[in-house]
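Everything below concerns the one structure shown next.
The values are calculated or read from the model by the stated rules, or taken from the named source; none is laboratory data. Quantities reported herein were computed from a predicted structural model and do not represent experimental measurements. Counting neighbours? That spans all protein chains shown, and the Cβs are built from the backbone with ideal geometry, glycine included. All accessible areas refer to the heavy atoms of the entire protein, side chains included, with ligands and DNA or RNA removed. Shrake-Rupley method; radii C 1.70, N 1.55, O 1.52, S 1.80 Å.
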Amino acid sequence: EKGGYEHFMLKEIYEQPSVIRDTYRGRLLANKGIIQMAGIEDNLEKFLNAERIIIVACGTSWHAGLVAEYIFEEFARIPVEVEYASEFRYRNPIIGPKDVVIAISQSGETADTLAAIKLAKERGAFVFGVCNVVGSSISRETHAGAYTHAGPEIGVASTKAFTTQITILTLISLRLAKAKGTMSNSDFHRYLQELEIIPEKVQEALQTNDVAKVIAEIYKDAPNCLYLGRGYNFPVALEGALKLKEISYIHAEGYPAAEMKHGPIALIDEKMPVVVIAPKQGHYDKVVSNIQEIKSRSGKIIAIVTKGDTQVRDLADHVIEIPDTIEALTPLLTTIPLQLLSYHIAVFRDCNVDQPRNLAKSVTVE
Ligand code: M6R
């Protein structure tokens, strides 16, 4: 059932090209220049009239929500707030009929997310679900929704659920951008075409497996690790750090790269590995100067770069190359080597990759 892979997690990492394709199949019609999703079409007015979108989720799904915040605001120019479901539900939040809530949950059973949905409904908001498990509690509790088609995710560490959530949320933002006229026609078509070939690029990103394994062996005994990214890749840094903590038990933190100088830089010494997500688009020069700051304090740099990059290569201790794509789609590629890196580190440390200690696949208690 692991399809020849040693762990479910690795199998699920490798399934990403095909499940991303499954997720957009029938929804993304690049040649016709159309995105069609029943749950969105039937409720288009609600989305178009929304004064803001509030995303509620936990864990990795919350990270997908953060990526979506950048995408929705850029593409559809709708203000977005991303909330931890557990905080939202207990805060007496200001929310009403002019808000659209998007609840993201792989399992569709997360207790805090379910409670946040019930609260939002009571206050008159329209609630849209992005779930993976068909017929789950959250998919039944929401007014409408769209399923990711990631297939069963067995590994406790979420991988393919994350990239398929980002895929769905990107499709939704593009559909809304088209309806609102907030994106030029040529950009819209460029995104559709790029999304259609993104599974091939994810496949190529999976070829970083060998280099990720080599780097994993070098840093497997590190007590700490920092992950830095900016813009669309800031949430990817958070996700990379979460993946490492949960399966290898190494303490890891994700930060927006520019926040370094406001505290975390004090942690940097020759023993600190710092994973920097530095694709060529998106604040590249700023990230390069962040790398220089770490370098001058002797930190060890593992950089995720666009194929062909030379500037970061000169500074970093290790580079992992991913294919080029449009900036907003880079999270779908930069995530891959981070998943592989934490996977191999956990394996080198003899950790139980698929069922890490103290964790359950769905958190049905608050
Ligand atoms: O099923 P959900 O997406 O609602 O689960 C949310 C979190 O519990 C989940 O993402 C958790 O953080 C994972 N173990 C992360 O890998």
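Summing Cβ point charges (Lys, Arg +1; Asp, Glu -1) relative to the Cα centre of the range 252-358 gives a dipole of roughly 140 debye.
Projecting the Cα atoms of LEU48, ILE20, LEU66 onto the charge dipole of the range 1-76, computed from C-beta unit charges around the Cα centre, puts ILE20 farthest toward the positive end.
Applying Stokes-Einstein at 37 °C and 0.692 mPa s to the Kirkwood radius of the range 1-139, computed over alpha-carbon pairs, gives a translational diffusion coefficient of 201 µm² s⁻¹. Where only DSSP H runs of four or more residues are counted, the chain gives -14000 deg cm²/dmol as its mean residue ellipticity at 222 nm, each run worth -39500 (n - 2.57). Rounded to the nearest 0.05, what FRET efficiency do ALA179 and TYR5 have when you use their Cβ-Cβ distance and R0 = 51 Å? FRET efficiency, ALA179 to TYR5: 0.80. 3J(HN,Hα) along the range 260-271, derived from phi through the Karplus expression 6.51 cos²θ - 1.76 cosθ + 1.60 where θ = phi - 60°, amounts to 3, 6, 8, x, x, 4, 4, 7, 6, 8, 5, 9 Hz, with x in place of Gly and Pro.
When N counts the residues of the chain, how does its alpha-carbon radius of gyration compare numerically with 2.2 N^0.38 Å, as a ratio? Output field value: 0.95.
Using a probe of 1.4 Å, the accessible surface attributed to LEU192 totals some 0 Å² when neighbouring protein chains are kept in position. For the range 158-274, the alpha carbon convex hull comes to 131 Å³ per residue, rounded to a whole number.
For the range 50-106, the Cβ-based charge dipole about the Cα centre amounts to some 160 debye (Lys, Arg positive; Asp, Glu negative; other atoms uncharged). Its relative contact order, with pairs defined as Cα atoms under 8 Å and 6+ residues apart, puts the chain at 19 percent. Normalising the average separation of contacting C-alpha pairs (under 8 angstrom, six or more residues apart) by the number of residues puts the relative contact order of the range 196-281 at 33 percent. Of the solvent-accessible surface of the chain, computed with a 1.4 Å probe over protein heavy atoms with every protein chain present, carbon and sulfur atoms account for 48 percent. When you filter the chymotrypsin sites (Phe, Trp or Tyr not before Pro) in the range 1-100 for DSSP loop state and at most 16 other Cβ atoms inside 10 Å of their Cβ, you are left with TYR5, TYR90.
Working from label points 7 Å from Cα in the Cα-to-Cβ sense, the ASP314 to GLU194 distance is 2.7 nm.
The mean accessible area for residues of the range 193-333, using a 1.4 Å probe and ignoring ligands and nucleic acids, is 39 Å² per residue.
Temperature 10 °C, viscosity 1.306 mPa s: under these conditions the Stokes-Einstein estimate for the range 223-366, based on its Kirkwood radius over C-alpha pairs, is 103 µm² per second. Which of GLN203, GLN311, GLN339 moves the most in a Gaussian network model of the chain with Cα springs under 10 Å? In the Gaussian network model the winner is GLN311.
Shown in residue order for the range 193-204 are the 3J(HN,Hα) couplings computed by the Karplus curve 6.51 cos²θ - 1.76 cosθ + 1.60 at θ = phi - 60°: 5, 5, 4, 5, 9, 4, x, 5, 6, 5, 4, 5 Hz (x for Gly and Pro). Once Rg and the Kirkwood radius are both taken over the C-alpha atoms of the range 77-166, their ratio Rg/Rh works out to 0.97. Taking the convex hull of the alpha carbon positions in the range 204-259 and averaging its projected area over all directions gives 4.3 nm².
Relative to the Cα centre, the charge distribution of the chain, modelled as +1 at Lys and Arg Cβ and -1 at Asp and Glu Cβ, gives a dipole magnitude of about 440 debye. Under 5 Å from the amide H of VAL319 lie the amide H atoms of ALA303, each residue being 5 or more positions distant or on a separate chain, with H modelled from the backbone and absent for Pro and chain starts.
Taking the charge dipole of the chain about its Cα centre, with +1 at Lys and Arg Cβ atoms and -1 at Asp and Glu Cβ atoms, the residue from HIS189, VAL319, ILE277 reaching farthest to the positive side is HIS189.
Placing MET260, MET183 in order of accessible area, with the largest value first and a 1.4 Å probe, yields MET183, MET260. Largest accessible area first, the residues HIS318, HIS149, HIS143, HIS262 order themselves as HIS262, HIS143, HIS149, HIS318 under a 1.4 Å probe with ligands, DNA and RNA left out.
If the Kirkwood radius is taken over C-alpha pairs of the range 276-315, then at 37 °C and 0.692 mPa s the Stokes-Einstein diffusion coefficient equals 325 µm²/s.
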